[in-house]
1. Please compute the net charge surrounding residue 310, taking Lys and Arg as +1 and Asp and Glu as -1 over other residues with Cβ under 11 Å from its Cβ.
2. Restricting attention to region 347-435, which trypsin sites (Lys or Arg not before Pro) occupy a DSSP loop and are surrounded by at most 16 other Cβ atoms within 10 Å?
3. Let me make sure I get this right: for the chain, a, b and c are the square roots of the gyration tensor eigenvalues over alpha carbons, sorted descending. Under 1.5 in a/c it's rounded, otherwise prolate if a/b > b/c, else oblate. Which is it?
4. What length, rounded to one decimal in nm, is gained on full extension from residue 153 through to residue 337, with 0.36 nm per residue of separation minus their alpha-carbon distance?
5. Taking springs between alpha-carbon atoms closer than 10 angstrom, which of 413, 25, 377 fluctuates most in the Gaussian network model of the chain?
6. In nanometres, what is the gap between the two model label sites at residue 178 and residue 193, each 7 Å from Cα along Cα-to-Cβ?
7. Cross-link list 109/430; 192/423; 317/430; 39/360; 323/344: which exceed 32 angstrom alpha carbon to alpha carbon?
8. Between residue 55 and residue 209, what is the label-to-label distance in nm when each label sits 7 Å out along the Cα-to-Cβ direction?
Amino acid sequence: MKLIELAKELNVSAEAIKQFIQDFDLDLIDCISTQFEVKEDFEKFARENVDFLKQYEEDLDENKTVDQIAKTINQPKEKIEKAIQGNQTNIYDNGFFRSSVSSYGIDNKLGGNYKFVYNYFGNKTKLQQRDFIGYRDLFFHISGVLEPFLNPQQIKDWGINKPVGIILYGPPGSGKIFWANKIAEIINYQFKEVKKHYLGTSFVDGTQTNFNDFLLKMMKEDKVLLFLEDFDEIMMARKAETDVASCNLESQEVILHHISKFDNEDILMVGSANTVADIDEEILAPGRFDVAIPVFPPNAAERSEIILYSMTKNLDKDSLLFKILKNNKADKIPFWNSIASKMKVFSNTMLIDFTQSLKKRIKNLYQKTKNEKLIIDETLLKGALRDAGTKLTEEYLNQIAQFLNDVIINNLDDFQMRIHSLKTELESYKAVEVPRREIGFQHNGEGEI
């Protein structure tokens, strides 16, 4: 059963159910498939707790004050204010919180008793079986963008057409190609990467071919997602101070010529960009690449999960590394929280670098000591952290800053908390200026050390 079908049957909106999954930090694999088929446990939970879901939706749809939230969940006003601190854009001028704030989600964060929720989902899913980690907000945002593919009735009822061009933008190593593949999986399209040599003229089996020929060939195939890397470089705006390669200008013209036919031919082009700031406005016009989706570096909680996933991926339970991890309680997420908190603005790639370095360090130490009960101590962890941190360059931090500017312009309302969190982490790297010592003589002990 599809999520939208279950929602209709229970008379609870699909959007409220999606928000419920996020507020209660449920694993998507416990609830729905990538194609939004409802899992058996979640369907059972929803049917047995439909009254609560309706109550949750009603609260979600209401604009409410802190006093009203406190009355609903019987929590102190001060704790509620602290829980929603940093989400200030969700407050109206009159002091009411917008309907996107859930009283029950706040209550859950404050330790409210929702065992009836977690009894269904608590420990059933092994981390190794997860399709992906965290990013529920991004997954549901993308699914909303793709709704015309998933629900053709939306086109008839609301006149909302399928996008033909999507830009995934974010700093290097954040997982844009992963999400492009995920989009193809959600809408059941073939994933095909547009190789760089397709953009120029080349010879295949002695026959000359070019990018126009390639696009025409793709348009004859059934349901294709075309993934184009370096989209911001290829689609760069023409300016006096920038030199746009002639092959890129040709690619722009070819895409603009054919893009109006993409919808009828079941073609979706997804571009991967570090920034959308320099892309030509013609490319971003309505009916072209008018959908921009930010791909954030993982937050602190996601970093812990990704590290654990990468450390245990494909390991046998009787493997030496797994035994060492288990002896250190490093087969559970809490072990990694401390080191993950030090990896501010780290990309997914940097996290993988960390785990690879740590595995090698553990292996080398074991070969010296032959001790299965060796301790994964601060020396091992900090050494691997230094190795992974080599990619945390000034250039990368500038790319994070540019990404923040982009996402504030394009997707502020969709990802307020991620923006706030990433901005805070980035600011932690700003050098603290040492006050300059004044020139001249100091009087009355001023300036004495």
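1. Details: positive: 303, 313, 359; negative: 305, 353.
Once all neighbours under 11 Å are counted, the net charge is +1.
2. Numbers: sites: 359, 360, 361, 363, 368, 370, 373, 382, 386, 391, 418, 423, 430; in loops: 370, 373, 430.
Passing sites in region 347-435 are 370, 373, 430.
3. Details: a/c = 1.33, a/b = 1.11, b/c = 1.20.
Judged from the Cα gyration tensor, the chain comes out rounded (a/c under 1.5).
4. On the way: separation 184, 0.36 × 184 = 66.24 nm, distance 4.45 nm.
Between residue 153 and residue 337, full extension yields 61.8 nm more.
5. 377
6. 1.6 nm
7. Details: 109/430 30 Å; 192/423 34 Å; 317/430 43 Å; 39/360 39 Å; 323/344 29 Å.
In this structure, 192/423; 317/430; 39/360 lie more than 32 Å apart at Cα.
8. Placing both labels 7 Å beyond Cα along the Cβ direction yields 6.2 nm.
Where a number appears in this text, it was derived from the coordinates with a stated rule and is not lab data. What you see is a predicted model; the values in this text were computed from it and never measured. As a convention, Cβ positions derive from the backbone with ideal geometry for all residues, glycine included, and neighbour counts pool all protein chains shown.
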